[in-house]
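S.K.: Okay, handing you the structure first.
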Amino acid sequence: MLSINRILWPTDLSRGAQPAFSHAAALAHWHDAQLHVLNVREGEEDVRTDMAEQFPLSDGTLAGYLDAGEASGRPFDVPDLSLEQTQVDAPSPAEAIVSYVEDHDIDLAVLGTHGRRGLQRLLIGSVAEEVLRRAPCPVMTVRAGESETSAWNVGNILAPVDFSEGADLAVRHARELALTYGARITLLHAVEEVMYPSAYGMEMADIPGPEVIERVEESLATMAREEIGYEHVVVDSVIGYAPSVILDYQDENEVDLTVISTHGRSGLERLLLGSVTERVVRRSTSPVFIVKTFGKSLLPEDAE
């Protein structure tokens, strides 16, 4: 299992933040980890006063968050969790969240992607996006919606693979998460077509043929054997633009969780998400577990 001792669930007390709580709580329960609840007060005085009156969150309120959208009974109760609730005043919620992660040695942050300031469109909020880019630990995003993924019935994990070092790291985290959830893993690679503008004076490249797909799937099978073991893992490759391939695969195969890596750029204060990861996180309707090539790894020592 992953090495997780402290999980952070930031909340702006909006409905958009609520679904992430059940995922944070389930992982905290299974890993015997401390669950930190953080509320950052900002905005007008009446909003700040309202936030102060609602916090800390009662066991009854948190139990309601656990039960919302779940098809089956939860395997634990709120009093079973080791909870620490904190409310702070700060002009920048994202900066306050990242500072909390650093100051409290948080292993995993679990974020809702539609908050108080969120727009009703398929974009993650600016706060979640900034935390994703700057937090030195893995981040899990959970979108609020009509069909919310169960936090304790995750059966199908998708791990997109581009054969980079970051993808290897994500696959190892996916393996450990599969052990936690009792889930199967799909390793997916998008074989992108190469096209050149007509100004290059070159003809359009051929669409990758069956021999390319065969070689890719052989490489995925090797990864599956070496990193996971053949049991509970399948491999697939699809021709197309990587973000679209991943998002379509999610929808067509009832994926419960996607594990993907980011590619940080060292030396920059504002670390950037990879373009594929950013597009997947922005549009995914199911939770996404983002592993970073910089910062903290959650892998147990024997899985490094």
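S.K.: Would you check if HIS36 is part of a strand (DSSP E or B) and surrounded by 22 or more Cβ atoms within 10 Å (Cβ to Cβ)? Break it down into steps so the answer makes sense when it comes.
M.R.: Working: part of a strand (DSSP E or B): yes; surrounded by 22 or more Cβ atoms within 10 Å (Cβ to Cβ): yes.
Spelling it out, HIS36 is indeed part of a strand (DSSP E or B) and surrounded by 22 or more Cβ atoms within 10 Å (Cβ to Cβ).
S.K.: Do any residues in the range 91-117 that are modelled with pLDDT under 95 have Cβ atoms under 9 Å from those of residues that are of a type in the set (Ser, Thr, Tyr) and in a helix (DSSP H, G or I), where the two are at least six apart or on different chains, and which pairs are they?
M.R.: That search, which allows pairs on different chains as well, returns ALA94/SER126; ARG117/SER126.
S.K.: On to the next question. Please go through the range 46-61 and pick out each residue that is under 18 Å from PRO19 (Cα atoms) and without any contact (Cβ under 8 Å) to a residue 24 or more places away in the chain.
M.R.: Of everything in the range 46-61, those that are under 18 Å from PRO19 (Cα atoms) and without any contact (Cβ under 8 Å) to a residue 24 or more places away in the chain turn out to be SER58, ASP59, GLY60, THR61.
S.K.: Any chance you could count how many residues in the range 235-256 are surrounded by 15 or more Cβ atoms within 10 Å (Cβ to Cβ) and under 20 Å from VAL154 (Cβ atoms)?
M.R.: Of the residues in the range 235-256, 8 are surrounded by 15 or more Cβ atoms within 10 Å (Cβ to Cβ) and under 20 Å from VAL154 (Cβ atoms).
S.K.: Under 21 Å from SER99 (Cα atoms), in the same structural domain as ALA109 (by TED's automatic domain parsing) and not in a strand (DSSP E or B): which single residue out of GLY43, GLY60, GLY64 fits that description?
M.R.: One residue alone meets the criteria, GLY43.
The values are calculated or read from the model by the stated rules, or taken from the named source; none is laboratory data. Quick caveat, the model's predicted, so the values are computed rather than measured. Methodologically, a virtual Cβ is constructed for each residue, glycine included, from the backbone with ideal geometry; neighbour enumeration extends over all protein chains shown.
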